[in-house]
Amino acid sequence: MTEPRQYHITTFGCQMNKADSERMAGILEGMGYLFTADPNDADLVLYNTCTIRDNAEQKVYSYLGRQAKRKHSQPNLKLIVAGCVAQQEGESLLRRVPELDLVMGPQHANRLQDLLEQVDNGSQIVATEPIHIVEDITKPRRDSTVTAWVNVIYGCNEHCTYCVVPGVRGVEQSRYPEAIYAEMEELGRQGFKEITLLGQNIDAYGRDLPGTTPEGRNKYTLTDLLYFVHDVPGIERIRFATSHPRYFTERLIKACHGLPKVCEHFHIPFQSGDNDVLKAMRRGYSHERYRRIVDKVRQYMPDASITADAIVAFPGETEAQFEKTLQLVDDIGFDLVNTAAYSPRPGTPAATWDNQLSEEVKGDRLQRLNHLVSQKAMEKSERYVGRTEAVLVEAQNQKDPSQVMGRTKGNRLTFFKGDINELLGKTVLVKITEARAFSLTGERVESLVAV
Ligand code: SF4
């Protein structure tokens, strides 16, 4: 009796990639593959890659090198590169790593079985042509049994001058609300408690779907979707990411305020605090508009968590312009900001500009911004001390097995003493006793939250 084949997937990058990997894992398990934690034991090794910055892209090549060597002694080993580097490099990846069997772009994730069958017939496959993403019927192998990602829109039609996403993930393709509802309903039946609706620019949800309302608005919008999926049985919490300040509406803010399951946590990248830099980035909004959005959110939900992304040392950014980014971070007081130094990406306009800044300037500005971000996050975290928060328990604390961990509705990671076998997937009241910049510690209040 032949041993079942084993697979290993390594995922780099964003939540969209994590969701794609879960679906590809589900497809492989549907084909009879078993998961192995050690890639060196696998008969099929898949790298789901990220190219958002150069260091992310470079990571995959060192991994690939090792597996390509292994293939010389194990010719039946299947080697696959998926995700954004696969889409960006395509055929040239086969020249660089001739041992590869399959190079597949993110739009082809659902087609893994069909592509692998072509590989099994002896072909080397490159699948990067733009396609209409077929509705997803796979059974993802999800990393959690409590929280799940649900894609609502693939791709992006924006043209931010630093970003590779439109070039590697293609044009916007929204899923119909009924398909999203059905996937969430199935997750509710399986015992999942929290759903994160995903899109690179989730505020664009539905604008590629036909239909307008009598008022002339798109028939399908994120706001309407939130109302449509709010009553899915079993689901206690709904989150969404990633928002775009250009399209963020008061209608959406009102909906989030009015819908109890929608968590009061908004991830709204601002990227820069200077209007000339925002113009050069082609972001389509000013720092004043960004501040008005945050004010409006806080008008309806004073305690809402606001998180963001920021890029420092964009080509041509002056010290004075960078200080406007520091000023915005200081004024708004974010719960968290993902920060990065500008990294020129293939095929993006800004990468060709001659006013690139030095690595020294990038390092200096990143360090100064990170310092301020931690300071402000600590100030924000302190608001929780002494409060009792509802925490959805997601896992045991690997560092201290006597503790469990979960997140508040504001998305704050929280640790407290508890038994994971008793509390996994439960929402527990926790009195917060200690705050750190990006996480909290507390004590369980002896009653489960009735949701
Ligand atoms: S909105 Fe801009 S930064 Fe975000 S994915 Fe689209 S092009 Fe990239």
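The values are calculated or read from the model by the stated rules, or taken from the named source; none is laboratory data. Everything numeric in this text was worked out from a predicted model, so none of it was measured. Cβ atoms come from the backbone with ideal geometry, glycine included; neighbour counts cover every protein chain shown. Keep in mind that these areas ignore ligands, DNA and RNA; they rest on the heavy atoms of the full protein, side chains included. Shrake-Rupley method; radii C 1.70, N 1.55, O 1.52, S 1.80 Å.
Side notes on the structure shown:
- Residue match in the range 70-82 (condition: more than 15 Å from H8 (Cβ to Cβ) and surrounded by 16 or more Cβ atoms within 10 Å (Cβ to Cβ)): no
- When K78, K139 are screened for being away from the ligand (no atom under 16 Å from the Cβ) and within 17 Å of D20 (Cα to Cα), only K139 passes.
- E194 more than 11 Å from the ligand (Cβ to nearest atom) and surrounded by fewer than 16 Cβ atoms within 10 Å (Cβ to Cβ): no
- Members of the range 144-153 found to be open to solvent by 20 Å² or more (accessible area, probe 1.4 Å) and under 25 Å from F270 (Cβ atoms), listed by number: W149
- Residue in the range 364-372 that is of a type in the set (D, E, K, R), open to solvent by 60 Å² or more (accessible area, probe 1.4 Å), touching a residue at least 12 places away in the same chain (Cβ under 8 Å) and in contact with a helix residue (DSSP H, G or I) (Cβ under 9 Å, 6 or more places away or on another chain) present: yes
- So D330, is it open to solvent by 10 Å² or more (accessible area, probe 1.4 Å) and closer than 30 Å to S381 by Cβ: yes
- Filter pass, D203 being modelled with pLDDT under 95 and either buried (at least 16 other Cβ atoms within 10 Å of the Cβ) or more than 16 Å from the ligand (Cβ to nearest atom) (or both): no
- Number of the condition not met by G105 [criteria: (1) small (G, A, S); (2) surrounded by fewer than 16 Cβ atoms within 10 Å (Cβ to Cβ); (3) on the phi < 0 side of the Ramachandran plot]: (2)
- Residue match in the range 165-188 (condition: more than 16 Å from the ligand (Cβ to nearest atom), of a type in the set (G, A, S) and in contact with an Asp or Glu (Cβ under 7 Å, 6 or more places away or on another chain)): yes
- Within the range 393-412, being of a type in the set (G, A, S) and open to solvent by 50 Å² or more (accessible area, probe 1.4 Å) holds for one residue alone: S402.
- Highlighted here are the strands (runs of 3 or more DSSP E) found entirely within the range 347-451 that include at least 2 residues which are in contact with a Phe, Trp or Tyr (Cβ under 6 Å, 6 or more places away or on another chain): 403-407, 427-435, 439-448.
- Criterion applied to P166, P140 was being assigned to a helix (DSSP H, G or I) and over 26 Å from E250 (Cβ atoms), and the one residue passing it is P166.
- Residue ID - farthest from E117 (Cα to Cα), chosen from residues in the range 18-61 that are assigned to a strand (DSSP E or B) and open to solvent by less than 20 Å² (accessible area, probe 1.4 Å): T49
- Long-range neighbours under 7 Å by Cβ, at least six apart or interchain, first residue basic (K, R) within the range 275-290, second open to solvent by less than 50 Å² (accessible area, probe 1.4 Å) and modelled with pLDDT of 95 or more: R282/C160; R282/T161; R283/C160; R283/Q271; R289/P245
- Residue list for the range 203-220, restricted to those being on the phi < 0 side of the Ramachandran plot and over 20 Å from the mean Cα position of the chain (by Cα): R207, D208, L209, P210, T212, T213, P214, E215, R217, N218, K219, Y220
- Of the criteria (1) open to solvent by less than 20 Å² (accessible area, probe 1.4 Å); (2) touching a residue at least 24 places away in the same chain (Cβ under 8 Å); (3) in contact with a helix residue (DSSP H, G or I) (Cβ under 7 Å, 6 or more places away or on another chain), which one L115 fails: (2)
- Those residues of the range 423-451 which are modelled with pLDDT of 95 or more and not hydrophobic (A, V, I, L, M, F, W, C), in sequence order: G425, K426, T427, K431, T433, E434, R436, S439, T441, G442, E443, R444
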